[in-house]
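Beneath this line is the structure, given in C-alpha cells, with notes to follow.
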Amino acid sequence: MKKTVIVDPNFRRMDEIFSPSDQKRLHDVVDVIWGKDEPMPQADFLRALPAATAVVCADWRYGDVLRQASNLRAILSVSGGFPQALDYEQTYRQRIRVLSAAPAFARQVAEFSLGLAIASAREIAYGDRLMRRGEEAYLWHGNVGTYMLYEQPVGIIGYGSLARELHKLLLPFGVKLAAYDPWLGNGYLRRQGLQPLPLAELMATSKIIFIMAVPSAENEAMLSRELLELAQENALLVLASRAHVIDFEAATEMVLAGRFKLATDVFPVEPLGADHPIRQAEGALLSAHRAGSVAGGMYDLGEMVIDDLEAIVQGLPPRRLQLAEPELSRRYVSNRAKSPPADET
C-alpha cells in the first residue's frame with residue numbers, strides 16, 4: 001500500500017516543478033493528496049495530516065499542527081528556502097526531517113552567474129547600449145576597462161550548493177579561487193580546491209567576487225561600506241544570492257562613482273523602484289530576479305523532491321534536498337526580498 005503525501009506547492013505550480021514524466025512518477029511512488037496549483041484549504045489539510053508520511057509545500061502556512069502529524073516523516077519545501085513559520089524544535093522532537101529545494105536551483109543560478117560575470121567583465125550589455133545609441137567604439141578603444149575571466153583571482157562568499165555548482169563552471173578558466181564561509185572549516189574549503197581567506201582579504205585581493213551566501217540572522221549587510229571600499233578599482237561584484245547580505249545603497253553609490261562594477265539578479269525591494277539610482281549606473285548589469293526560474297531548469301526541483309520521497313517511503317534517508325540542521329535552522333532568515341509598500345505597487 002502506497003504512503004500518503006500531501007502535495008500543496010502553492011505559490012508554485014505543479015507543471016512548473018514537475019515534468020510530465022515526473023508527475024506520473026510522483027503518483028507511482030506515493031498516494032498524492034491535493035496535488036493542485038491552488039492553496040489547499042486548511043480544513044482539508046488538517047483532515048489529511050494525521051495519515052500523511054510527508055508534506056510538500058512552499059511555505060508552512062498551516063499553524064501549530066505538528067502534534068496531529070503522528071505519521072509525518074518529512075516536510076519538503078519547494079520555495080527555495082526553509083519555511084519560516086515552522087516549529088523546528090517540534091520537528092526535531094518528532095524526528096520530522098525538514099528539507100529545502102535550494103540545491104535544485106544550483107545549476108540555473110550558477111550558469112546565470114557565470115553569464116553575468118562574463119557579460120560584465122567584457123561590458124557586453126554596455127557595448128550593446130552604445131551601439132544602439134550610435135556611440136560605439138571599435139576594437140581596442142571599445143575595450144578600455146574590460147578584462148577576461150581567465151586566470152583572474154576570484155573570490156566566492158558563501159560556499160553552499162549554488163557556489164559548488166559555480167565552482168565546476170569556473171574550473172576551465174583557470175581562475176585562482178578563494179572563499180569565505182564562516183559555516184565551513186578551512187580544511188574543508190582547502191579540500192575543495194579553494195584558498196580560505198578572511199572576508200576583508202578576499203575583498204581586497206579578488207578581481208571578481210561572487211556573492212552567494214545564504215541570508216542568515218548574522219549576515220545582514222555583512223558586506224558593509226567599509227568592506228566594499230576594500231574592493232579593487234574596476235573589480236566586479238556578482239550578487240547572486242540575496243541583497244540581504246550587502247549594503248546595497250553603499251554599493252550603488254560606489255558603482256555610480258565608477259569604483260567597481262556590479263552585476264546583480266536581486267534587490268532589497270522587489271520589484272525595484274523605478275527611480276532607484278542603480279538603474280542609472282552604466283557600470284551595473286541588472287537582472288530582474290531571473291537566475292533561478294528558467295523553464296525546464298525548475299524540473300530539477302521536482303526530480304529531487306520525488307527522489308527524496310522515494311527514499312523516505314522506503315525508510316531510507318533523503319539525499320538530494322538540503323536538510324535543516326539543528327545548529328543552523330534558527331539562523332536562517334527569509335530568502336525572499338521585501339515587497340514594496342502597498343501604495344507603491
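In segment 208-246, of all residues being of a type in the set (Asp, Glu) and more than 25 Å from Ser161 (Cβ to Cβ), the one that is surrounded by the fewest Cβ atoms within 10 Å (Cβ to Cβ) corresponds to Glu233. When the test is whether a residue is over 17 Å from Val238 (Cβ atoms), within 21 Å of the chain's Cα centre (by Cα), at pLDDT 95 or above and outside any helix (DSSP H, G or I), Pro340 does not pass it.
Each residue in segment 28-62 was checked for being outside any helix (DSSP H, G or I) and without any contact (Cβ under 8 Å) to a residue 60 or more places away in the chain, and 19 pass.
Out of Ser334, Ser287, Ser293, one residue alone is hydroxyl-bearing (Ser, Thr, Tyr), closer than 20 Å to Leu116 by Cβ and at pLDDT below 90. It is Ser293. Annotation: of all residues in segment 133-166 being of a type in the set (Ser, Thr, Tyr) and more than 26 Å from Leu227 (Cβ to Cβ), the one that is surrounded by the most Cβ atoms within 10 Å (Cβ to Cβ) is Tyr150. Counting residues in segment 123-130 that are over 30 Å from the mean Cα position of the chain (by Cα), part of a helix (DSSP H, G or I), surrounded by fewer than 19 Cβ atoms within 10 Å (Cβ to Cβ) and at pLDDT 95 or above gives one or more.
Screening Gln23 with (1) of a type outside the set (Phe, Trp, Tyr); (2) under 16 Å from the mean Cα position of the chain (by Cα); (3) closer than 19 Å to Gly296 by Cα gives one miss only, at (2). Considering segment 254-282, the residues that are in a helix (DSSP H, G or I) and in contact (Cβ under 8 Å) with a residue 12 or more places away in the chain include one that is farthest from Met222 (Cα to Cα), namely Gln280. Using the structure shown, decide if Glu282 is charged (D, E, K, R), in contact with a Phe, Trp or Tyr (Cβ under 8 Å, 6 or more places away or on another chain), farther than 21 Å from Leu202 by Cα and in the same structural domain as Ala121 (by TED's automatic domain parsing). Yes; evaluated as a whole, the condition is true for this residue.
Residue check: Ile157 meets all listed conditions (1) at positive phi; (2) touching a strand residue (DSSP E or B) at 6+ places or on another chain (Cβ under 7 Å); (3) of a type outside the set (Phe, Trp, Tyr) but one, namely (1). The combined condition, being touching a helix residue (DSSP H, G or I) at 6+ places or on another chain (Cβ under 8 Å), surrounded by 14 or more Cβ atoms within 10 Å (Cβ to Cβ), part of a helix (DSSP H, G or I) and acidic (Asp, Glu), is not fulfilled by Asp15. Whether any residue in segment 87-94 is assigned to a loop (DSSP other than H, G, I, E, B) and assigned by TED's automatic domain parsing to the domain that holds Arg320 is what I want to check. Within segment 87-94, one or more residues are assigned to a loop (DSSP other than H, G, I, E, B) and assigned by TED's automatic domain parsing to the domain that holds Arg320. Residues in segment 186-200 that are part of a loop (DSSP other than H, G, I, E, B) and not small (Gly, Ala, Ser): Gln192, Leu194, Leu197, Pro198. Comparison of Ala117, Ala137 shows that the only residue that is within 20 Å of the chain's Cα centre (by Cα) and at pLDDT 95 or above is Ala117.
Among the residues of segment 154-185, those identified as of a type outside the set (Lys, Arg), more than 23 Å from the chain's Cα centre (by Cα) and outside any loop (DSSP other than H, G, I, E, B) are Pro172, Phe173.
The values are calculated or read from the model by the stated rules, or taken from the named source; none is laboratory data. Not measured: the values here are computed from a predicted model. Neighbour counts run over all protein chains shown; Cβ positions are idealised from the backbone, glycine included.
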